[in-house]
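Report on the following structure.
The values are calculated or read from the model by the stated rules, or taken from the named source; none is laboratory data. All figures in this text were calculated on a predicted structure; none of them were measured in a lab. Neighbour counts run over all protein chains shown; Cβ positions are idealised from the backbone, glycine included. Protein only, heavy atoms only, side chains kept; ligands, DNA and RNA dropped before computing areas. Shrake-Rupley method; radii C 1.70, N 1.55, O 1.52, S 1.80 Å.
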Amino acid sequence: MMTFVNLLLAVLLLALAAWTTLARNMFAAVVGFIAYGALLALAWVQLSGIDIALTEAAIGSGLTGLLLLNAASRLHVNANAGGNTGRSRLRVPAALLSAAVSGALMLCVFALPETPPTLAPDVAANLASTEVRNPITAVLLAFRAMDTLLEAIVLLFALIGVWSLSSDPHWGGRPGLRQYSEPNGILAYTARVLPPIGIVVGAYIFWTGADYPGGKFQGATLLAAMWLLVLMAGLADAPPIRRTWLRVALVAGPLAFIAVGFLGLQTAGAFLAYPEGFVKPLIIAIELALLPSLTLVLGLLLLGAPLRGEEP
Amino acid sequence: MRFPDTLTRLHALTKADNLGLGLVVLGLVLQAGSVAAALKLICVWLLLLLSGACVSQLIARNTRERESRP
Amino acid sequence: MPPVPEQAVTSAGGLLLVIAVLLPFVGVLIGIALRGVHARRVALCTLPLGLAIAIAIAVTVLQSGAQLTYLLGGWAPPLGVALRADMAAVVMLVVVAVVVCGIGIYACDDFNPARESPGPRASSTFWLLLLAVWGSLNLVFVSGDLFTLYVALELLTFAGVPLVCLDGRGDTLRAALRYLLFALLGSLLYLLGAVLLYGAYGTLDIALLRAASVPEPVTWAALALATTGLLAKTALFPLHIWLPPAHAGAPAAASAVLSALVIKGSWFLLIRLWFDALPGVVTFSAAQVLGALGAIAIVVGSVVALRQARLKLLVAYSTVAQIGYLFLMFPLAFDAGSNMLVHDAALTGGILQGISHATAKASMFMAAGLISAALGHDRIADLAGVARAMPITVLTFAVAGIALMGIVPSGAYLAKKLLLESAADSGQWWWTLVLQGGAAFTAGYVVLVLVNVLRRPGGAHPVIKRVPAVSEYAALALAVCSLLLALAALGPLPAHLISNPLAAGELLATLLVLLGGVLLAQGLSLHPLFAAAPAATMPASGLLRRSAGATGVMFARIDLLARGWTVACISLLVVALLFGGLLFFGARG
């Protein structure tokens, strides 16, 4: 039974990937991509990668999908997705080459060792010393904490890049366009009812991350989604990017992470090491500090460059 | 085609979505090990009902506005 | 589980590596929080601190004589991540710090938020991005883990792309998008390679991979993919789709960052991959093809550079050619005896080439930017009289050109000597031709610019705006740095290389290079080099010039074709398959 489900999932994934690539209409391609992300999340569940499934659903499919939808609607809704692919006589060789590369890759994957060498036993053996029970969190915030810190900084760099696209008169202003909707319409209603629930769920996903699948990235995505919902319904307006509180909140997470890292130098003998007995509290403190920063960064990345002045 | 336009398709879709998912959840509730798990499943269903209803409203409204424009 | 190597312990002073990476990043974070005019102040405070740390690392490594290691969080690889600094990393750290400081001084006046132009957006963003590029590069140099290196590549891309479109014009936005998409494609290919390596060996640590890796299909595929991705990010011909518009369109200081520094990140990572992580997997033919791509890049880039009408585009295409130069060491470092890449004189020469390019190209872009700012345009044909109006800038351009050509007192000269010696030692005489010919091409476009700036102005004084003297001197200082690299390198290099730089043979070689350059510039440039001279009107040279012109047009067409999206993506796939095949069959045969 499960084999059948997995097979079906694999076929569906391939079909959706092909549909997304071949779709003539940009909007259709984006919808295909979002559905593909959702199915991919299911595939990760089947592979017991719940953390990855959550991330894929939240960021890979949800946030990226929204970003693409935004972009597609900014261009032309019915724009021809395959319009600029260039000379058609180069298509066949390009397709053949792609197939050749894919084929070679497939052969290589099959050539991977039957029982792949993995660090999972290593992680499990050292899990106790990190005081958290979710091995993914242990990897992300203890064994390879540097990578997580740097990823948080990557997001900030991306935000600097997005902001730098604003026109000079609007620099420092509010990102995106002011949204209006019927004050008693269904969108405003949703934006009033859903956020409290969403915030609770987001906080729960964040909190449970230390011991079970979940964590700051997935939680932050949910919180950012709730924020964007409120903005989309016109119940609130995006803050001007010159606001000091906004900028401090953006960098507070990574700075706190670095501070805890240097604290480890004093107390545990290495940068990004945690003193025994305080590992879990410190990890949670880092995640708690990163949560608002990530929420803001993800939301602001979606809102885009400042498009208007400071006035609401 | 049985459902020629967006509105009729939405109409059909919401039935399948809400009721079908409700039945799936009902089946899972019977299998759930604890009351808490059962309640969580019901919460999931309720949330999906809410979002499904809102989204189909929005799609329908959008369609009507686009059709009313020449 | 693979055995943990002896050096997997934190060495004294290892913390400096962490600080070298994090200091610029903390600068960025504080700069974001304080915004506006403060971003520049924060950056200007960070520059000397960072330079001091780079020098401290160099001193520590030179004193201990061993590489510097730091285990992050106290976790040893493969579970944790180690930062390591060997001699190559230390050299790069110091040179990048020097270049960043030079660019910082140069841009001090250009990107001043207190001034009207270019506005607070560009001027505060520039400083944040400068620090961001710096921190990312430091991470590339010291990271010992393939995934951390991927994050470093991401950081570098996101720091580099906004630099392209700082002035916000439409065509620079298009160039930036082109760069972003192609660079992300490259990052993904690299990541795919890293994932395959983890799947095969269960570790991402470079030192552990070196011990564990064996030539087998997965490793070949991983190396081919990662190499292709990194070549796309380094913009080696034919994957240079994004480089000319991006580097020519950005403001001068940003171009200097992009051309001198950013491409060195992926290039250095390629060295790590080929020399340190998988030296035994590399085959002779793969190394030859990498060098051959470099040779083609030199020819195409140089010829197209000679065909440019605008100074900044000329410098950008000269970068395409110089990138080719950076790949000539790969075939020369292949040791036929042990059938692997080895750390030897060729690698030293290659790194020396890289750092002299970093300094010289930064100062060349700065000089081009100053000329363009002073004149209000950068049309090469209308540069007459600049030498008299801006002697220091023209001197900078000339010195940087000499450094790029590899004429006697420069670092590139030493690099060339080292590579020539390796070519002679390993019997690969064909690379000698490429090395000497490449220098002639470089001489060609340098001479082309110099002849034009030295020409007497026909009409009025060409300069419409004064440029700050401090910027001129910063550019000159970097150019002189490039020359002095030879002196700085005297210690660790074999002394016989520089025994007699003024011997007849050396002088003859230099003269030949210059003469070749003059001929190339005369034949291939858009306008005859010595238009006023009667020699240009002689019928025989007219025929010669026509055929040379046709060659130039052909190369320009090839370049244009290679820079189309479809063709570039096909090239990407072909390069990947090519390397995969070469590794596969090279190991068989």
Check your understanding: In segment C:308-366, which residues are out of contact with any Asp or Glu (no Cβ under 8 Å at 6 or more places or on another chain) and either among the β-branched types (Val, Ile, Thr) or not assigned by TED's automatic domain parsing to the domain that holds C:Leu478 (or both)?
Key -> C:Val315, C:Thr319, C:Val320, C:Ile323, C:Thr348, C:Ile351, C:Ile355, C:Thr359
Review point. Looking at (1) open to solvent by less than 20 Å² (accessible area, probe 1.4 Å); (2) away from every other protein chain (no Cβ under 14 Å); (3) at pLDDT 75 or above, which is the only condition C:Ala509 fails?
Key: (1)
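Output the residues belonging to segment A:177-195 that are open to solvent by 20 Å² or more (accessible area, probe 1.4 Å) and under 21 Å from the mean Cα position of the chain (by Cα).
Of everything in segment A:177-195, just one residue is open to solvent by 20 Å² or more (accessible area, probe 1.4 Å) and under 21 Å from the mean Cα position of the chain (by Cα), namely A:Leu194.
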Practice item. Determine if segment A:92-103 includes at least one residue that is under 26 Å from C:Leu196 (Cβ atoms), outside the structural domain of A:Ala18 (by TED's automatic domain parsing), open to solvent by 70 Å² or more (accessible area, probe 1.4 Å) and out of contact with any Cys (no Cβ under 9 Å at 6 or more places or on another chain). Key: yes
Study note, to complete from the structure: Taking segment B:32-70 and keeping residues surrounded by 11 or more Cβ atoms within 10 Å (Cβ to Cβ), within 14 Å of chain A (Cβ to nearest Cβ) and either touching a Gly at 6+ places or on another chain (Cβ under 7 Å) or outside any helix (DSSP H, G or I) (or both) leaves B:Trp45
Study note, to complete from the structure: Of the residues in segment C:306-319 that are in contact with a Gly (Cβ under 8 Å, 6 or more places away or on another chain) and crowded, with 24+ Cβ neighbours inside 10 Å, the one that is farthest from C:Ser363 (Cα to Cα) is C:Leu306
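Go through C:Leu293, C:Leu231 for me and flag whichever is open to solvent by 10 Å² or more (accessible area, probe 1.4 Å), touching a residue at least 24 places away in the same chain (Cβ under 8 Å) and more than 14 Å from every other protein chain (Cβ to nearest Cβ).
After ruling out the rest, the residue left standing is C:Leu293.
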Review point. How about segment A:236-245: which of its residues are surrounded by 18 or more Cβ atoms within 10 Å (Cβ to Cβ) and either facing chain C (nearest Cβ under 9 Å) or assigned to a helix (DSSP H, G or I) (or both)?
Key: A:Ile241
Exercise for review: Restricting attention to segment C:371-386, report how many residues are assigned to a loop (DSSP other than H, G, I, E, B) and closer than 18 Å to C:Val446 by Cβ.
Suggested key: 3
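Rundown of residues vs (1) more than 8 Å from chain A (Cβ to nearest Cβ); (2) closer than 27 Å to C:Ile392 by Cβ; (3) out of contact with any His (no Cβ under 8 Å at 6 or more places or on another chain), yes/no style:
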position: C:Asn112; (1), (2), (3): yes, yes, yes
position: C:Trp134; (1), (2), (3): yes, yes, yes
position: C:Val142; (1), (2), (3): yes, no, yes
position: C:Ala152; (1), (2), (3): no, no, yes
position: C:Cys165; (1), (2), (3): no, no, yes
position: C:Gly168; (1), (2), (3): no, no, yes
position: C:Arg178; (1), (2), (3): yes, no, yes
position: C:Phe182; (1), (2), (3): yes, no, yes
position: C:Gly186; (1), (2), (3): yes, no, yes
Practice item. Could you identify the single residue in A:Ala273, A:Ala249, A:Ala268 that is touching a residue at least 40 places away in the same chain (Cβ under 8 Å) and either facing another protein chain (nearest Cβ under 10 Å) or touching a strand residue (DSSP E or B) at 6+ places or on another chain (Cβ under 6 Å) (or both)? Key: A:Ala249
Exercise for review: Determine whether segment B:24-31 contains at least one residue that is touching a Ser or Thr at 6+ places or on another chain (Cβ under 6 Å), surrounded by 13 or more Cβ atoms within 10 Å (Cβ to Cβ) and of a type in the set (Val, Ile, Thr).
Suggested key: no
Check your understanding: How many residues, within segment A:123-138, are among the charged types (D, E, K, R) and open to solvent by less than 30 Å² (accessible area, probe 1.4 Å)?
Key -> 0
Point to revise | Residues of segment C:55-72 that turn out to be within 7 Å of chain A (Cβ to nearest Cβ) and open to solvent by 10 Å² or more (accessible area, probe 1.4 Å), as a count | key: 1
Point to revise | Where a residue in segment C:150-161 is among the polar types (S, T, N, Q) and its partner, wherever it lies, is in a helix (DSSP H, G or I), with Cβ under 6 Å and at least six apart | key: C:Thr157/C:Ala183
Review point. How about segment C:73-114: which of its residues are touching a Phe, Trp or Tyr at 6+ places or on another chain (Cβ under 6 Å) and open to solvent by 20 Å² or more (accessible area, probe 1.4 Å)?
Key: C:Trp75
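In this structure, is C:Leu420 assigned to a helix (DSSP H, G or I) and either farther than 30 Å from C:Ala58 by Cβ or modelled with pLDDT under 75 (or both)? Working first, answer last.
Values: assigned to a helix (DSSP H, G or I): yes; either farther than 30 Å from C:Ala58 by Cβ or modelled with pLDDT under 75 (or both): no.
When the stated conditions are applied, C:Leu420 does not pass them.
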Review point. Which pairs have Cβ atoms under 8 Å, sit 6 or more apart or on different chains, and link a residue in segment C:388-407 that is more than 21 Å from C:Val434 (Cα to Cα) to one that is hydroxyl-bearing (Ser, Thr, Tyr) and surrounded by fewer than 20 Cβ atoms within 10 Å (Cβ to Cβ)?
Key: C:Ile392/C:Tyr473
**Study point:** Residues (at positive phi and within 10 Å of chain A (Cβ to nearest Cβ)) located in segment C:9-38
**Key:** C:Arg35, C:Gly36
**Study point:** Single condition C:Leu375 does not satisfy, out of (1) farther than 18 Å from C:Ala260 by Cβ; (2) modelled with pLDDT of 90 or more
**Key:** (2)
Point to revise | Flag if C:Ser285 is surrounded by 24 or more Cβ atoms within 10 Å (Cβ to Cβ) and among the polar types (S, T, N, Q) | key: no
Practice item. Tell me which of these C:Gln428 doesn't satisfy, since it passes every other one: (1) out of contact with any Phe, Trp or Tyr (no Cβ under 7 Å at 6 or more places or on another chain); (2) in a helix (DSSP H, G or I); (3) over 20 Å from C:Arg379 (Cα atoms). Key: (2)
Exercise for review: Considering only segment A:286-312, state which residues are surrounded by fewer than 17 Cβ atoms within 10 Å (Cβ to Cβ) and under 21 Å from A:Ile205 (Cα atoms).
Suggested key: A:Leu288, A:Pro292
**Study point:** segment A:123-149, subset at the interface with another protein chain (Cβ under 7 Å from one of its Cβ atoms) and in contact with a Gly (Cβ under 9 Å, 6 or more places away or on another chain), residue nearest to A:Gly277 (Cα to Cα)
**Key:** A:Ala142
Point to revise | Residue match in segment A:285-307 (condition: hydrophobic (A, V, I, L, M, F, W, C), within 14 Å of chain C (Cβ to nearest Cβ) and within 18 Å of C:Leu72 (Cβ to Cβ)) | key: yes
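Would you check which residues across segment A:168-184 are in contact with a helix residue (DSSP H, G or I) (Cβ under 8 Å, 6 or more places away or on another chain) and either more than 24 Å from A:Gln218 (Cβ to Cβ) or within 14 Å of chain C (Cβ to nearest Cβ) (or both) and list them?
Across segment A:168-184, the qualifying residues are A:Asp168, A:Trp171, A:Gly172, A:Pro175, A:Gln179, A:Ser181, A:Glu182.
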Check your understanding: Would it be correct to say that C:Ile241 is touching a helix residue (DSSP H, G or I) at 6+ places or on another chain (Cβ under 6 Å) and assigned to a loop (DSSP other than H, G, I, E, B)?
Key -> yes
